[in-house]
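The values are calculated or read from the model by the stated rules, or taken from the named source; none is laboratory data. Note that this is a predicted model, so its numbers are computed, not measured. Cβ coordinates were reconstructed from backbone atoms using ideal geometry, including for glycine residues, and neighbour counts include every protein chain displayed. The area values use the complete protein model at the heavy-atom level, side chains included, leaving out ligands, DNA and RNA. Shrake-Rupley method; radii C 1.70, N 1.55, O 1.52, S 1.80 Å.
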Amino acid sequence: PQGRVPQFVVECGFSHAAPDDPIVHPGHAGVSHLHTFFGSTVTAAGSTAEDLSHGPTTCDQQLDRAAYWAPALMDGGQMVVPGRAVAYYRPAAVEPYPFGLVILAGEPHATGPQPLDVVAWSCGTGSERHTLPPECPHGRPLRLAVAFPDCWDGRHLDSPDHRSHVARSERGACPASHPEPVPQLLLTIDYPVAGAEHDLSLTSGSMYGAHADFLNAWDPDKLRTEVESCLQRGLTCGVASTRS
């Protein structure tokens, strides 16, 4: 993720865990599998982007009030409290996300390996990627990386299946059905898991079914500034909070 590609970066601490999903099960508390949430600290089953935009965030960039979440990782039946999440916002010649856009990435019901450029496990920031969690040495704990679609249909903030309004680019080009290039979010989550003797599972089901969700509640002016000053200029900008 730290390669010299145009990007800006936001680091967000773990906020809370809850069996809620404001995209897939909006307004229905407790009916989802357990998720771990990052970013907005007020994310709940009934949350809208407008709700999140007025609340605090665990992100070091305080104007990033978006919600990021993923299924909880369990170890021997106990939830692993994740460390930080890092959001890498990448490529050039893009427009910012519209306020309120929702994006899902990864397939929760996967029963076999997902493409490594969509979902991958690794040890720390190591470049070797795996379809299932590897045994990691101490000092390089487990990390999950999920890459989100980067093309938008230009009209809908969501869709009935929560997927059809976005698509993935191919060889740097968006399909005609989704002509608007938006930043590609690469979300990584660190877990304090290293060494042997772990019994890992995901609350969503199969360990192949890693996935993540994003609900955009960034301050629109700040997000546009980041996109214009970093991505559109082709710069690698490091952590967003370090710049005024």
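Taking the Cα centre of the range 108-244 as reference, the dipole from Cβ charges on Lys and Arg (+1) and Asp and Glu (-1) amounts to some 320 debye.
Highest mean packing first, where packing is the average number of other Cβ atoms within 10 Å per residue, the peptides 197-206, 117-126, 139-148 line up as 139-148, 117-126, 197-206. Given their separation in residues at 0.36 nm each and the Cα-Cα distance between them, Ser127 and Ala29 gain 31.5 nm when the chain is fully extended. For the chain, the residue among Pro26, Phe14, Tyr97 whose Cα projects farthest onto the positive side of the dipole built from Cβ charges is Tyr97.
Which one of Thr188, Gly112, Ser164 is farthest out on the positive end of the charge dipole of the chain, using unit charges on Cβ (Lys, Arg +1; Asp, Glu -1) and the Cα centre as origin? Farthest towards the positive end: Thr188.
Across the range 4-18, rounded Karplus estimates of 3J(HN,Hα) from the backbone phi angles (6.51 cos²θ - 1.76 cosθ + 1.60, θ = phi - 60°) give 7, 10, x, 6, 10, 10, 10, 9, 10, x, 5, 9, 6, 10, 6 Hz, Gly and Pro being marked x. Any chance you could check the Cα centroid distance between the range 84-122 and the range 30-80 for me, in angstrom? Cα centres, the range 84-122 to the range 30-80: 16 Å. Assuming charge only on the beta carbon of Lys and Arg (+1) and of Asp and Glu (-1), the dipole of the range 23-176 about its Cα centre is about 240 debye to the nearest 20.
Summary of the geometry: the range 129-152 and the range 188-224, compared by the centres of their Cα atoms, lie 9 Å apart.
Charges on Cβ only, +1 for Lys and Arg, -1 for Asp and Glu, centred on the Cα centroid of the range 121-236; of Gln232, Pro137, Trp152, which one is farthest towards the dipole's positive end? Highest projection toward the positive end goes to Gln232.
Going by accessible surface with a 1.4 Å probe and the largest first, His138, His178, His156 read His138, His156, His178.
Equivalent-ellipsoid semi-axes for the chain (Cα gyration tensor, √(5λ), whole Å, largest first): 26, 20, 18.
Legend: residues Glu95, Glu135, sorted from most to least accessible area (1.4 Å probe; ligands, DNA and RNA excluded), read Glu135, Glu95. In loop segments of the range 1-105 as defined by DSSP, the trypsin sites (Lys or Arg not before Pro) with at most 11 further C-beta atoms inside 10 Å of their C-beta are Arg4. Put a plus charge on the Cβ of each Lys and Arg, a minus charge on the Cβ of each Asp and Glu, and nothing anywhere else: the dipole of the range 1-94 about its Cα centre is then about 300 debye.
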